[in-house]
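Asks: The structure that follows is given in the form of structure tokens.
We did not get these values from a lab; they are worked out from the coordinates using the rules stated. Everything quoted here is computed from the prediction, not taken from an experiment. Backbone-built Cβ (ideal geometry, glycine too); neighbour counts: all protein chains shown.
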Amino acid sequence: MNTFDETLKSTLDEMAEGIQPAPHLKEKIDTEILRRCPELRKKIAVIFGGCSPEYSVSLQSAYAVISHMNTLKYTPVLIGISKTGDWFLYNGNIEKIPADTWCNSTDCTPVVVSQNRSVHNLLVMKNGRVKEVSIDAAFPVLHGCNGEDGTVQGIFELAGIPLVGCGVLSSALCMDKDRAHKLVHSTGILVPASFTLDRTMDEKTVLQKANELGYPVFVKPIKAGSSYGISKVSNCHELPAALSVAFEYDNRVIIEECISGFEVGCAVLGNDILTVGEVDEIELADGFFDFTEKYTLKTSSIHVPARIKNDIAEQIKQTAMMIYRTLDCRGFARVDMFLSSSGQIIFNEVNTIPGFTTHSRYPNMMKAAGYSFEQIVSTVIEQAVR
């Protein structure tokens, strides 16, 4: 028996008698036990893909999360959702996920979540038989509708399975730009002037309300992410086409005033005790931060930390935490705001499952505050399984 084995045995004997080891020694022992006994590692279901326009973004985010998961502490159980909404247990090479070659008959087996709250199981269906796979927590890495909006969260909450990140209520609220604005505004935080409409509102009324806001305005689907369906409209002649695009993504649309200034963001981490990353700033050469700019940065730049005074950055952080709590967020979320040309902080939206690639805004804001990608992933998982 080597020296570490002797120490391990001695410490375990002491723990059995109620004597707790020093923290650094306990951590080392815990790690060694998990290394030797992989069956003791927490099984974390990572859900990726999804029946959403943001399917491809999810694949990139999920790959980064899986790649940075501490496999000495956690065993990833991969659940892929196809573009058509079919659920599979995925057992293939993780490199196939970002390449979108994961969904095939060789690596995928149909799976559902057991709604029996006493077992925390997945039910894998193969060759007419059902196999149970236990999990300790679910980590949805999904973006947009049918994944970030509370629907998938509801499946796991109903099953009593611990959930990494925001729950049903906050996910649904944050996906609905109109309701999120109204709730946040009730706390005294500024929001853009806006109005909502559906397909039944007549064109004359829409034009009148848009004129009252003053051009330019932003036309947005109420429930969509990654700037899908969003247009910046400079005059009334551009409005019908912008509405048509927005209605492709949702049956309700919000038209907002254009805030003079720039967008800032704040990464928030935690439940009761919150940690915030450094504030970032989006510098635009032209237009707005649409889907193309978010994922290619062709003409825009993101500055972390933001090029603002320290007291303003602190105000933004405090506002972000207030918004996070107001919308019942848990685990992690990115709070986006505007800093107007007059110095006002104005709420934009909350992303309850923000982009999670190594170059995404959320991990980079946390990195600027001293947190590695691995630490972020471990922390949000621990918050769920603790």
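Asks: Helix 373-385 versus the longest principal axis of the chain: what is the Cα-based angle in degrees, 0 to 90, to the nearest 10?
Replies: Value to nearest ten degrees: 80.
Asks: Right, another one. About its Cα centre, what dipole magnitude does region 194-257 give when the only charges are +1 on Lys and Arg Cβ and -1 on Asp and Glu Cβ, stated in debye to the nearest 20? Kindly include the intermediate steps, with their values, before the conclusion.
Replies: Working: 7 positive and 9 negative charges, 21 e Å.
So the magnitude is around 100 debye.
Asks: Relative to the longest principal axis of the C-alpha atoms of the chain, give the angle of the C-alpha long axis of helix 3-16, reported between 0 and 90° and rounded to the nearest 10°.
Replies: 80
Asks: Next question. Run the Debye formula on the Cα coordinates of region 194-257, all scatterers equal and no solvent, and tell me log10 I(q)/I(0) at q = 0.14, 0.17, 0.28, 0.29 1/Å.
Replies: For region 194-257 at q = 0.14, 0.17, 0.28, 0.29 Å⁻¹, log10 I(q)/I(0) is -0.31, -0.46, -1.34, -1.43.
Asks: Something else: Please give the direction-averaged projected area of the C-alpha convex hull for region 41-164, in square nanometres with one decimal.
Replies: Average of the hull's projected areas for region 41-164 equals 7.1 nm².
Asks: Can you give me the distance in nm between label points at Ile19 and Val245, each placed 7 Å from the Cα along the Cα-to-Cβ direction?
Replies: Taking the two extended label points, one gets 7.0 nm.
Asks: Taking each pair of distinct Cα atoms in region 75-131 once, what is the resulting Kirkwood hydrodynamic radius in Å?
Replies: This gives a value of 12.1 Å.
Asks: Continuing with the same structure: Loop-only trypsin sites (Lys or Arg not before Pro) in region 100-166, please: DSSP not H, G, I, E or B, and at most 12 other Cβ atoms within 10 Å.
Replies: Those satisfying the criteria are Arg117.
Asks: OK, next. Exposed loop sites here are GluC sites (Glu not before Pro) in DSSP loop states with at most 13 other C-beta atoms within 10 Å. What is the longest stretch of the chain lacking them?
Replies: Looking at the chain, 18-247 is the longest stretch - no exposed GluC sites (Glu not before Pro) with at most 13 other Cβ atoms within 10 Å.
Asks: R0 = 22 Å: FRET efficiency of Val130 with Glu157, Cβ-based, nearest 0.05?
Replies: Working from the Cβ atoms, E equals 0.45.
Asks: What FRET efficiency do you get for Gln315 and Glu203 if R0 is 41 Å and r is their Cβ-Cβ distance, rounded to the nearest 0.05?
Replies: Given R0 = 41 Å and the Cβ-Cβ separation, E is 0.50.
Asks: How many angstrom lie between the Cα centre of region 316-374 and the Cα centre of region 105-123?
Replies: That distance is 33 Å.
Asks: For the chain, what is the relative contact order in percent, using Cα pairs closer than 8 Å and at least 6 residues apart in sequence?
Replies: The value is 15 percent.
Asks: For Leu123, what is the net charge nearby, where nearby means another residue's Cβ is under 11 Å from its Cβ and Lys, Arg count +1, Asp, Glu -1?
Replies: Cβ neighbours under 11 Å give a net charge of +2.
Asks: Using the crude model of +1 on Lys and Arg Cβ and -1 on Asp and Glu Cβ, and no other charge, please compute the dipole size for the chain relative to its Cα centre, in debye to 20.
Replies: 540
Asks: Separate question: Return the single residue from Ala159, Ala306, Ala285 with maximal mean-square fluctuation; model: Gaussian network over the chain, springs between Cα atoms under 10 Å.
Replies: Ranking Ala159, Ala306, Ala285 by mean-square fluctuation puts Ala285 first.
Asks: Could I ask something else about it? Work out the FRET efficiency for Val119 and Asn235 from their Cβ-Cβ distance, taking R0 = 51 Å, and round it to the nearest 0.05.
Replies: 0.30
Asks: Of the residues Gly167, Gly85, Gly343, which exhibits the maximal mean-square fluctuation in a Gaussian network model of the chain defined by a 10 Å Cα contact cut-off?
Replies: Of Gly167, Gly85, Gly343, the most mobile in the Gaussian network model is Gly343.
Asks: Over the chain, with a Gaussian network built from C-alpha contacts below 10 Å, which listed residue (Pro23, Pro354, Pro98) shows the highest mean-square fluctuation?
Replies: Pro23
Asks: Still on this model: Can you give the calculated 222 nm mean residue ellipticity of the chain, where each DSSP H run of n ≥ 4 adds -39,500 (n - 2.57) and the sum is split over every residue, rounded to the nearest 500 deg cm²/dmol?
Replies: Roughly -10000 deg cm²/dmol at 222 nm, from the helical runs in the chain.
Asks: If you don't mind, there's one more thing I want to ask. Alpha carbons only, please: Rg and Dmax for the chain, in angstrom.
Replies: Rg then Dmax for the chain, in Å: 23.0, 85.
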